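Handing you this structure, nothing more for now.
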Amino acid sequence: MKLVVSLVAALAATSAFAAAPANKGDPKAAESIVNQVCAACHSVDGNSAAAANPNLAGLNSEYIYKQLAEFKSGARKNAIMSGMVASLSPQDMQNLAAHYSAQQPKPGTSADQELALIGQKIYRGGVQGAGVPACASCHGPQGKGIPSQFPHLAGQHSDYIYAQLNSFRVGERANDAAKMMRSIAAKMTDADMKAVASYIQGLR
């Protein structure tokens, strides 16, 4: 618990969080970009058909904006996404964030129930002795997250969750405030990550 409190305090103190513009996005204005650029990987309604591509439906708009802005700035590195956002203006990104945050996420199902049960223990109670806090302490018991700080996870593809945890672990993804996720993932084993990712996919 002390680790969670200190990490949250560090997040609150850091200026690394990219705030969205004061003006709100217009979902209607995002339609052409959604259809021409985003839909191929994330679908129009934000429920991706490919396990490697994240579901965007229902994510907090400020969180979506932050990720887009950091793909554009290079703070979050991804060769495909950096190309996708290269021509987007801050208002375009705000409009896209408004569109996808308004979509309804579809519930997922864990493909391996036995593995998901192991992941449930980690998600709810962390990894005792390894210094890994419960995922629920930041992302909520139902995986709904904390708006603008910690993303909605429930129903997210397990392949994507695992890939992101591993990216944090090896330092390929480094846009987490106060190195929060990097610090946590560094203490997780590959088996821990796969188990919690399986649980998250079926979390509702």
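When the Cα atoms of the chain are enclosed in a convex hull and the volume is divided per residue, what value in Å³ results?
On the way: hull volume 21.3 nm³, N = 204.
It comes to 105 Å³ per residue, whole-number rounded.
Let me ask you something else. Could you check how much of the accessible area of the range 60-160 is carbon and sulfur, as a whole percent, using a 1.4 Å probe? Before the final figure, lay out each step's value.
Working: 2800 of 5070 Å².
For the range 60-160, the apolar C and S fraction of the accessible surface comes to 55 percent.
Can you tell me which lysines have their Cα less than 18 Å from the Cα of Lys144? Leave out same-chain residues fewer than eight positions away.
By straight Cα distance, Lys144 reaches Lys66, Lys106, Lys121.
What is the sum of charges around Val34, taking Lys and Arg as +1, Asp and Glu as -1, for the other residues whose C-beta is under 13 Å from the C-beta of Val34?
After counting each charged neighbour, the total is -3.
Treat every Asp and Glu Cβ in the chain as -1 and every Lys and Arg Cβ as +1, leave all other atoms uncharged, and give the resulting dipole magnitude about the Cα centre to the nearest 20 debye.
The calculation lands at about 480 debye.
Find how many whole Å separate the alpha carbon centroid of the range 141-204 from the alpha carbon centroid of the range 60-127.
The two parts, judged by their Cα centres, are 11 Å apart.
Can you give the accessible area per residue of the chain, in Å², using a 1.4 Å probe?
50 Å²
Same structure, new question: Determine the gain in length on full extension of the stretch Ser148-Gln113; use 0.36 nm per residue of separation and subtract their C-alpha separation, reporting nm with one decimal.
Length gained between Ser148 and Gln113: 9.5 nm.
In deg cm²/dmol and to the nearest 500, what is the mean residue ellipticity at 222 nm of the chain if only DSSP H runs of at least 4 residues count, each as -39500 (n - 2.57), divided by the residue total? Don't skip to the end; give the middle numbers.
Numbers: 10 runs with 97 residues, N = 204.
After summing the helix terms and dividing by residue count, I get -14000 deg cm²/dmol.
The values are calculated or read from the model by the stated rules, or taken from the named source; none is laboratory data. Model, not experiment: these values are computed from the prediction. Every residue, glycine as well, gets a Cβ built from its backbone with ideal geometry; the counts of neighbours run over all protein chains shown. Surface accessibility is based on the protein's heavy atoms, side chains included, excluding ligands, DNA and RNA. Shrake-Rupley method; radii C 1.70, N 1.55, O 1.52, S 1.80 Å.
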